[in-house]
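Participant: Okay, here's the structure, questions in a sec.
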Amino acid sequence: MGAALATVWTLARKDLLLELRSRDIVLAIVVFALLVITIFTFAIELTPSRSRDVGPGVLWAAVAFAGVLGINRSFAMEAEGDTLDGLMLTPVSRELIFFGKSLANFIFITVAEIVIFPVFEALFNINVLRIETIVIALLASIGFSAVGTAFAAVSVRVRSREIMLPLLFLPTVIPLIMAAVESTSVVVNGGSWSGFSAWLQLAIAFDVIFVIASAVLFQFVLEE
Amino acid sequence: MVAVPKIRLIWLGLTAALMALTLWMIFIWVPTEVNQGNIQRSLYFHVPVAWTAMVAIVLVAFASVAYLKTRSEKWDRLAVAAAETGVIFAGLMLITGMVWAKPVWGVWWTGEAKLTTTLILFFIYVAYLMFRAYFPPGEQRRRLAAVIGLMGAIDTPIIYYGAQLWERAHPSAVVGPLSDSDSSVDGPIGITLIVAVVAFSVLFAYVASERYRLRKQEDEVMELRRAVSLRPALAISSSLETTESTASAPAGGAY
């Protein structure tokens, strides 16, 4: 178990180091998400009540769209540097490679969210920096990175992978987006715990099922 | 012209006869429903295509698992046939649903859980087919497509659960004149519905099996083409006595 965790961390650390030097991925996620949010402040005339109505939807749409760009980048770099074969040759099981890549993507999205959330709060004037939304953000990032990592590995060898990954990723994570939007909406509109917990359960169920399913199916993605 | 096997002709005739019977029952035999009027006849199309679309997803999932287990191309062909036919039937389900909803509920679209689920699944399986179109043919495509097909199938119950939560959180604005009319499905309506479900299932099976057969022929053509394109290479390399390595090399980027 300890050895497995160490392997996962080594694999994730490789991506984190690359990211620390280039800052490609996190920066792309942050800038793209903020751009989406900014466009919506012009597309919708924001009154305080309307902000609370549409804000959660805008926030999570922006994170999902930006996140998929970042995840695409993390695998595109492996393909461009011809390091995918090297990764496949490492004498560790495919699940561990999956968890290593997912962990790195999870950290990228989470770090990006740390920047996105305060700016969103300022632009939309709704308080999203609280414990409930942080929990939701972590759950959403787990699901996004698990599904995104699996589909990025699937689409990395396809021509026009920039189009293919969102087409596979976005419909699959719709339940998670629903859960994130609705629970955030309940929180910012001062709804009840029961209204919040139902969506929280959906997000947890999605994460558990797709972390396991993606890890198991990953061995078929990176074969031979 | 390739001779069509006799069994297929019989199957086609049976499908056509069954569809004719269903159409006769739907438009002539079954009495008009009292509350909704003629538009209620959408039911006999909407429910059967929805049912076959669900069957298609189960088939894709089953064929994908079978392919990953056995690596036999026949399961991949079944998955393609089921996915393509299923996407068409899911599209028909969405269209018949909208046509039915407009006069009855007053809106083309609502957040109704089954509609939402079908729409999302429609997108997932369109992406599945696009992936297959983008990717060069070969073992890798079959394997990755099976993974996508399975991910979509695993997502189905979660999507449905989420869509139900969504429907409860956003009671849809159904304002149509007949939005609260309940129609019971029994008597002639029930019989017609059962016959329609059977007829559409047979139609689905026939169309999917034709697609399966076409897929097999496509594979055979590809094999032949590959053999032809390798011939000159074989001629040259046989003089160099490296026939084996050339013959196993991928041709034209297909692997």
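Participant: Being more than 23 Å from B:Arg168 (Cβ to Cβ), buried (at least 20 other Cβ atoms within 10 Å of the Cβ) and out of contact with any Asp or Glu (no Cβ under 7 Å at 6 or more places or on another chain) narrows it down to one residue among B:Val99, B:Val104, B:Val87; which is it?
Facilitator: Being more than 23 Å from B:Arg168 (Cβ to Cβ), buried (at least 20 other Cβ atoms within 10 Å of the Cβ) and out of contact with any Asp or Glu (no Cβ under 7 Å at 6 or more places or on another chain) holds for just one of B:Val99, B:Val104, B:Val87, which is B:Val87.
Participant: (1) over 14 Å from the mean Cα position of the chain (by Cα); (2) away from chain B (no Cβ under 14 Å): which one isn't true of A:Ala137, the others all being true?
Facilitator: Failing condition for A:Ala137: (1).
Participant: Additional query: What number goes with the only condition from (1) buried (at least 17 other Cβ atoms within 10 Å of the Cβ); (2) of a type in the set (S, T, N, Q); (3) over 24 Å from B:Ala199 (Cβ atoms) that B:Gln36 does not pass?
Facilitator: (3)
Participant: Further question on the same structure: If a residue has to be without any contact (Cβ under 8 Å) to a residue 12 or more places away in the chain and either β-branched (Val, Ile, Thr) or more than 8 Å from chain B (Cβ to nearest Cβ) (or both) to count, how many in the range A:153-205 make the cut?
Facilitator: Summing the residues that are without any contact (Cβ under 8 Å) to a residue 12 or more places away in the chain and either β-branched (Val, Ile, Thr) or more than 8 Å from chain B (Cβ to nearest Cβ) (or both) in the range A:153-205 gives 10.
Participant: Let me ask something else. Restricting to the range B:153-176, give me the number of residues that are at the interface with another protein chain (Cβ under 7 Å from one of its Cβ atoms) and closer than 30 Å to A:Glu223 by Cβ.
Facilitator: Going through the range B:153-176 one residue at a time, the tally reaches 4.
Participant: Checking A:Pro48 against (1) free of Cβ contacts under 8 Å to residues at least 40 places away in the same chain; (2) out of contact with any helix residue (DSSP H, G or I) (no Cβ under 9 Å at 6 or more places or on another chain); (3) not hydroxyl-bearing (Ser, Thr, Tyr), which test does it fail?
Facilitator: So A:Pro48 meets the others, but not (1).
Participant: Take the conditions of a type in the set (Lys, Arg) and at pLDDT 90 or above and apply them to B:Arg143. Does it pass?
Facilitator: Here the answer is yes, as B:Arg143 does meet what is asked.
Participant: Checking B:Ile120 against (1) farther than 30 Å from B:Arg142 by Cβ; (2) in a helix (DSSP H, G or I), which single condition isn't satisfied?
Facilitator: Of everything listed in (1) farther than 30 Å from B:Arg142 by Cβ; (2) in a helix (DSSP H, G or I), B:Ile120 misses just condition (1).
Participant: Looking at this structure, is B:Phe135 free of Cβ contacts under 8 Å to residues at least 12 places away in the same chain, within 12 Å of another protein chain (Cβ to nearest Cβ) and at negative phi? Step through it out loud before you land on a result.
Facilitator: On the way: free of Cβ contacts under 8 Å to residues at least 12 places away in the same chain: yes; within 12 Å of another protein chain (Cβ to nearest Cβ): yes; at negative phi: yes.
Spelling it out, B:Phe135 is indeed free of Cβ contacts under 8 Å to residues at least 12 places away in the same chain, within 12 Å of another protein chain (Cβ to nearest Cβ) and at negative phi.
Participant: Now for a separate question. Using the structure shown, decide if A:Asp82 is surrounded by fewer than 20 Cβ atoms within 10 Å (Cβ to Cβ), part of a loop (DSSP other than H, G, I, E, B) and more than 19 Å from the chain's Cα centre (by Cα).
Facilitator: yes
Participant: Residues of the range B:105-132 being in contact (Cβ under 8 Å) with a residue 60 or more places away in the chain and either more than 10 Å from chain A (Cβ to nearest Cβ) or among the β-branched types (Val, Ile, Thr) (or both), which ones?
Facilitator: Listed by number, the residues that qualify are B:Trp105, B:Gly106, B:Val107, B:Thr110, B:Gly111, B:Glu112, B:Lys114, B:Thr118.
Participant: Separate question: So in the range A:210-224, with the set limited to residues that are facing chain B (nearest Cβ under 8 Å) and crowded, with 17+ Cβ neighbours inside 10 Å, which one is nearest to A:Ser141 (Cα to Cα)?
Facilitator: The selected residue is A:Phe210.
Participant: I would also like to ask the following. Restricting attention to the range A:6-56, which residues are aliphatic (A, V, I, L, M) and under 23 Å from A:Val186 (Cβ atoms)?
Facilitator: Listed by number, the residues that qualify are A:Ala33, A:Val36, A:Ile37, A:Ile44, A:Leu46, A:Val54.
Participant: Here's something else I'd like to know. So A:Leu59 fits all but one of (1) of a type outside the set (Asp, Glu); (2) under 30 Å from A:Gly190 (Cα atoms); (3) in a loop (DSSP other than H, G, I, E, B); what number is the exception?
Facilitator: Failed condition: (3).
Participant: Do any residues in the range B:66-93 that are assigned to a helix (DSSP H, G or I) have Cβ atoms under 7 Å from those of residues that are polar (S, T, N, Q), where the two are at least six apart or on different chains, and which pairs are they?
Facilitator: Note: pairs meeting the criteria are B:Ala79/B:Ser64; B:Phe89/B:Thr52; B:Ala90/B:Thr118; B:Met93/B:Thr118.
Participant: Please verify whether A:Ala3 is farther than 21 Å from A:Arg159 by Cα, free of Cβ contacts under 8 Å to residues at least 24 places away in the same chain and assigned to a helix (DSSP H, G or I), treating the condition exactly as stated. It would help to see each step written out before you state the result.
Facilitator: Values: farther than 21 Å from A:Arg159 by Cα: yes; free of Cβ contacts under 8 Å to residues at least 24 places away in the same chain: yes; assigned to a helix (DSSP H, G or I): yes.
It is true that A:Ala3 is farther than 21 Å from A:Arg159 by Cα, free of Cβ contacts under 8 Å to residues at least 24 places away in the same chain and assigned to a helix (DSSP H, G or I).
The values are calculated or read from the model by the stated rules, or taken from the named source; none is laboratory data. On a predicted model such as this, the values are computed, not experimentally measured, just so you know. Cβ: placed from backbone, ideal geometry, glycine included. Neighbour counts: every protein chain shown.
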